[in-house]
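See below for the structure under consideration.
The values are calculated or read from the model by the stated rules, or taken from the named source; none is laboratory data. Predicted, not measured: the structure shown is a model, and the values here were computed from it. Virtual Cβ from ideal backbone geometry, glycine too; neighbours counted across all protein chains shown.
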Amino acid sequence: MLLTAKEQALLEALEERAAEHDIEVVTIELTGAKKAPTIRVYLDAPEGVGFDELASSQQWINEVLDALDPFPGAYTLEVSSPGIDRPLRTRMHFERALGETVFVQTKEPLDGRSRWTGILKAVEEGKVLLEPEGGVQATQEIGFDQMRKAHVKGRIDFGS
């Protein structure tokens, strides 16, 4: 997933501290107006994250951000789990999602499309192999460097 320079800098600043707490910073998003942006930090842990982990993590995240002072003036901090539509940013994230339905948006169109949804079939050096929905097309190769963003397409089974 493509991060802005500011998002990447914030991610790197938080990752070291997160490792001390056995927490993974899945990704960071900056949204909203430049004068009052929102910083969204998505966290996960080996056993998952609950309310207690999110609340305690917010404290050390605030400390790191206060030291960096990433924006003049005010900003809003949101700390959350990745949720059902888990963002995919690293090779490890994609490897965990093998066999799942994923959505990938590319920076530039590939074969006339920039939005792809399908089953993640493989993760190889520098790329993923995706079996597009509908079986209309053969497996599509998408390089990590071609991706704008990607996430798992969450499913809820109301039948069980």
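Scanning segment 76-106 for residues that are over 16 Å from the mean Cα position of the chain (by Cα) and either among the β-branched types (Val, Ile, Thr) or more than 26 Å from residue 14 (Cα to Cα) (or both) yields 76, 99.
Exactly one residue out of 45, 67 is more than 20 Å from the chain's Cα centre (by Cα) and not assigned by TED's automatic domain parsing to the domain that holds residue 124: that is 67. Scanning segment 124-141 for residues that are touching a strand residue (DSSP E or B) at 6+ places or on another chain (Cβ under 7 Å), surrounded by fewer than 17 Cβ atoms within 10 Å (Cβ to Cβ) and among the β-branched types (Val, Ile, Thr) gives a single hit, 139.
Screening the candidates 121, 107, 149 for the property of being surrounded by fewer than 16 Cβ atoms within 10 Å (Cβ to Cβ) and out of contact with any helix residue (DSSP H, G or I) (no Cβ under 9 Å at 6 or more places or on another chain) yields one hit, 121. Would a scan of segment 15-24 turn up a residue that is of a type outside the set (A, V, I, L, M), over 20 Å from residue 145 (Cβ atoms), surrounded by 15 or more Cβ atoms within 10 Å (Cβ to Cβ) and out of contact with any Asp or Glu (no Cβ under 9 Å at 6 or more places or on another chain)? Checking segment 15-24: not a single residue is of a type outside the set (A, V, I, L, M), over 20 Å from residue 145 (Cβ atoms), surrounded by 15 or more Cβ atoms within 10 Å (Cβ to Cβ) and out of contact with any Asp or Glu (no Cβ under 9 Å at 6 or more places or on another chain).
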